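Written below as structure tokens is the structure these notes are about.
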Amino acid sequence: MIIYEPIMLAMPLAEKIKDQILQEKEIPDGESLRKILVSLGLEEVCLGRGLALFRSKYVLALLIPSAKYITVDVFSSSGDLSDALQLMMYYDKTLNAYIVDIIPANDLEFEGNIGLEPVIIDAETFELKSIPVLGYFEKENGDIFLVISEKTYDAWKESGKLEVCPVCGADGLVWQKDVAYCSSCGFGVKVVKK
Ligand SMILES: [Zn+2]
């Protein structure tokens, strides 16, 4: 797994949080989130009153738990906020569901949209109610791919939106067997068959 920019942390982070909620049937607390961030290769550099700062070579992540929301702000370690993202996790009363969403921290400067469907998990049955296309990033022959599982691919295929890039939301993914390329954001998508 590689993390060169905020989206490359936000997507695998959202996926791990989704898996944890589905498995543990509860929303992760600050401590679980710290473990998840460390498992993604980040180092905890500062901790105080529930707030925690993590870093890897290229990104910083600020974990801010509060009573209603847990947010993880992810930004480039250069301090540039143009591609910064905020991962939000909360309980939605109307939907009676837990939501994990990734939104651009800076709407004005962010280039394009994030083509992700938020994670929506029923708060009673703990079933996944949406089709988030999440995975982690890897580099191969100079190209960077979002690597997704076969299970994620199958659900995505069923949704009929296989031509929409899960990273930037552009309409025009070109598939060649198990690999797709997006000419808008430059990321590829690769399905790992298990
Ligand atoms: Zn794209």
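Where a number appears in this text, it was derived from the coordinates with a stated rule and is not lab data. Quick caveat: nothing in here was measured; it's all calculated off a predicted structure. Note that each Cβ is placed from the backbone with ideal geometry, even for glycine, and that neighbours are counted across all protein chains shown.
Tabulated data
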{"quantity": "Spin-label pair I2/R55, simplified geometry with 7 Å Cα→Cβ offset, distance in nm", "calculated": "2.2 nm"}
{"quantity": "Cα-Cα over 22 Å, subset of K57/K177; K151/K177; K25/K93; K129/K193; K68/K93; K57/K194", "calculated": "K57/K177; K129/K193; K57/K194"}
{"quantity": "Among beta bridges that DSSP assigns inside the range 136-192, antiparallel share in %, nearest 5", "calculated": "70 percent"}
{"quantity": "Kyte-Doolittle mean at least -0.5 and Cα axial length at least 24 Å: DSSP H helices in the chain", "calculated": "6-24"}
{"quantity": "Partnerless Cys - the chain, beta-carbon criterion under 4.7 Å", "calculated": "C46"}
{"quantity": "11 Å beta-carbon shell around K161, net charge (K/R +1, D/E -1)", "calculated": "-3"}
{"quantity": "Percent RCO, i.e. relative contact order, over the range 136-192, from Cα pairs under 8 Å lying at least 6 residues apart", "calculated": "35 percent"}
{"quantity": "Taking the chain and dividing mean pair separation by its residue count, relative contact order in percent (alpha carbons under 8 Å, at least six apart)", "calculated": "16 percent"}
{"quantity": "The range 136-192 shape via C-alpha gyration tensor axes, a/c threshold 1.5", "calculated": "oblate"}
